[in-house]
Amino acid sequence: MELLVDILSAGPELEWKQNTPFSKKFDDPYYSLGCGLEESQHVFLNGNKLSQKFIKLVTNSTFSLAELGFGSGLNFYLSAAEFIKRAPSRSCLNYIACEKYPLSPSQIEKAVKEIITTKPPLISESESKSEPKPEQELANVFIEFLSSYNKIIQSPREARISPQFYSIQIMKKRINLQLYLGELRGDVKNMLEDLEQRKQKVDAWFLDGFAPPKNPEMWSKAVFRSMANLSKNGTSLTSYSVAASVRSGLAEVGFSLERKTGFGKKRHMLYGLKPLL
Ligand SMILES: C[S@@+](CC[C@H](N)C(=O)[O-])C[C@H]1O[C@@H](n2cnc3c(N)ncnc32)[C@H](O)[C@@H]1O
């Protein structure tokens, strides 16, 4: 079997369409061509009402977000920057993500750098002039992430904190990224089983695993069952996919679902909630 370092250094085979990575293996883009940041903000951050949830956190608490399909990490950078802006100062974001076919650092840089450094801020302006501007916060998150991600290649033993995952701590350790990477460990099912064994709980889910007909592994009944086991009452989920099989699979394991206004050309997106009893 190939070493993770080799897999990571090479990255998956990509095409580039409007500066957006497009997977040859899955014949699908990583996000909407040319507007990934706006889509991520609409579907994943606003869809899960993350700003409101972060503001309401109490000091010293931890919010756990899980993403199925880390890809370029765009959802992560946006969530981390929003967390730093909104959450009380001694709280932490625990961001858990699996990635079976990790992008190389240079692929990530190519995909993300231009979007997050040239776009005008999407998040409302800081109230105080002394706070960093939102786009600067986003750039800081990205720069710190990329430097740690590179270290996984340079010194994998140090970055790997258990056989299961790599930990990346940024923004003065307030953002803790647990990355499950590689053909075996990064597989969605393996990550979810591992989290279940550790009795981990998740506050919000990002379902971002290529279109269900192109990647059924990411949208299987076993995945939905584990998600339900790992959710609390009040845990939310969002996805750009409103496929009937996804809705019925998630409803079967107890999520209540709503179709909401989708992003761009997509009429709908999916919002789900593990009901409060
Ligand atoms: C639509 S892309 C994710 C986009 C991503 N959130 C971003 O911001 O770039 C789907 C991701 O899921 C990953 N993936 C596909 N099948 C997987 C599996 N069985 N387990 C874990 N990750 C998987 C792909 O390699 C890809 O990076």
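Select from the range 198-229 the residues that are among the acidic types (D, E) and within 13 Å of the ligand (Cβ to nearest atom) and write down the one among them that is farthest from Y30 (Cα to Cα). Across the range 198-229, the extreme among qualifying residues is E217.
Only one of the numbered conditions (1) buried (at least 24 other Cβ atoms within 10 Å of the Cβ); (2) part of a helix (DSSP H, G or I) is not met by C98, and that is (2). Residues satisfying the criterion are present in the range 29-46 (criterion: within 17 Å of R259 (Cα to Cα), aromatic (F, W, Y) and touching a residue at least 40 places away in the same chain (Cβ under 8 Å)). Quick check on the range 8-21: of everything there that is surrounded by fewer than 20 Cβ atoms within 10 Å (Cβ to Cβ) and not in a strand (DSSP E or B), which residue is farthest from the ligand (Cβ to nearest atom)? Selected residue: S9. Of all residue pairs spaced 6 or more apart or on separate chains, those with beta-carbon atoms under 6 Å, a first member in the range 209-221 that is of a type in the set (K, R) and a second member that is within 9 Å of the ligand (Cβ to nearest atom) and outside any helix (DSSP H, G or I) are K214/F26; K214/D28.
Being loosely packed, with under 15 Cβ neighbours inside 10 Å and closer than 27 Å to K49 by Cα holds for only one residue in E137, E196, E183, E144, and it is E196. Taking the criterion of being farther than 13 Å from G36 by Cβ, within 13 Å of the ligand (Cβ to nearest atom) and touching a Gly at 6+ places or on another chain (Cβ under 9 Å), the residues of the range 92-113 that qualify are A97, C98, E99, K100, Y101, P102, L103, S104, Q107. Only one of the numbered conditions (1) surrounded by fewer than 22 Cβ atoms within 10 Å (Cβ to Cβ); (2) at pLDDT 95 or above; (3) closer than 22 Å to K260 by Cα is violated by V58, and that is (3). With the requirement that a residue be of a type in the set (A, V, I, L, M, F, W, C) and surrounded by fewer than 23 Cβ atoms within 10 Å (Cβ to Cβ), what does the range 225-242 give you? Scanning the range 225-242 gives A228, L230, V242. I need the full set of residues from the range 33-67 which are out of contact with any Phe, Trp or Tyr (no Cβ under 7 Å at 6 or more places or on another chain), assigned to a loop (DSSP other than H, G, I, E, B), within 16 Å of the ligand (Cβ to nearest atom) and not hydrophobic (A, V, I, L, M, F, W, C), in order please. G34, N48 - these are the residues of the range 33-67 that are out of contact with any Phe, Trp or Tyr (no Cβ under 7 Å at 6 or more places or on another chain), assigned to a loop (DSSP other than H, G, I, E, B), within 16 Å of the ligand (Cβ to nearest atom) and not hydrophobic (A, V, I, L, M, F, W, C).
Would you say K24 is under 17 Å from Y149 (Cβ atoms), surrounded by fewer than 18 Cβ atoms within 10 Å (Cβ to Cβ), charged (D, E, K, R) and within 14 Å of the ligand (Cβ to nearest atom)? The answer is no for K24. When residues in the range 79-91 are screened for being surrounded by fewer than 23 Cβ atoms within 10 Å (Cβ to Cβ) and either under 21 Å from L192 (Cα atoms) or within 12 Å of the ligand (Cβ to nearest atom) (or both), 0 of them pass. Residues in the range 102-112 that are buried (at least 18 other Cβ atoms within 10 Å of the Cβ) and in contact with a strand residue (DSSP E or B) (Cβ under 8 Å, 6 or more places away or on another chain): P102, L103, Q107, A111.
The values are calculated or read from the model by the stated rules, or taken from the named source; none is laboratory data. All values derive from a computational prediction rather than experimental measurement. Neighbour counts run over all protein chains shown; Cβ positions are idealised from the backbone, glycine included.
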